[in-house]
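Q: The structure is given below, and queries will be raised subsequently.
We did not get these values from a lab; they are worked out from the coordinates using the rules stated. These numbers come from a predicted model, not from an experiment. Heads up, the Cβs are rebuilt from the backbone with ideal geometry, glycines too, and the neighbour counts pull from every protein chain shown.
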Amino acid sequence: MQGRDRLPGGPASDVVGAEILAAEARRLMNASDGPLYDLRRACEDVGLLAFSLDVGEAGGDAAYVEVENMGVALINGYIEGYSGGCVEVQGDYG
């Protein structure tokens, strides 16, 4: 994303790589090692707009697009057997 720091390389191919990318993402967010209680805000602060929408069982898991200097992610909030509405992009993520 132009004008924003980017994580190095592509997606992680193993657990160690995922942990390295997670540590770098936390550094970019100025986040501690503890839980991210407002994940949506932390993502917005580094240029990622994240949305969760129940697109149903047949919908994909997620989609991402880069628009100018921002990223936009849509996460399918559908969970089989869950009737509590859409799962939100928030919560206790450590």
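Q: Give me the pairs, please: first residue somewhere in the stretch 51-71 and over 20 Å from Asp38 (Cα atoms), second residue anywhere and polar (S, T, N, Q), beta-carbon distance under 6 Å, and either six or more positions apart or on two chains.
A: Final answer for the pair search is Val55/Asn76; Gly59/Asn76; Asp61/Asn76; Asn69/Gln2.
Q: Please list, ordered by first then second residue, the pairs with beta carbon atoms under 8 Å, 6 or more apart or interchain, first in the stretch 17-34 and without any contact (Cβ under 8 Å) to a residue 12 or more places away in the chain and small (Gly, Ala, Ser), second surrounded by 11 or more Cβ atoms within 10 Å (Cβ to Cβ) and outside any helix (DSSP H, G or I).
A: The qualifying pairs are Ala18/Ala12.
Q: Right, another one. What residue, among those in the stretch 48-81 that are touching an Asp or Glu at 6+ places or on another chain (Cβ under 9 Å) and in a loop (DSSP other than H, G, I, E, B), is nearest to Glu19 (Cα to Cα)?
A: Out of the qualifying residues, it is Gly77.
Q: Kindly establish whether Ser52 is polar (S, T, N, Q) and either touching a strand residue (DSSP E or B) at 6+ places or on another chain (Cβ under 8 Å) or surrounded by 17 or more Cβ atoms within 10 Å (Cβ to Cβ) (or both).
A: So Ser52 fits the description; yes.
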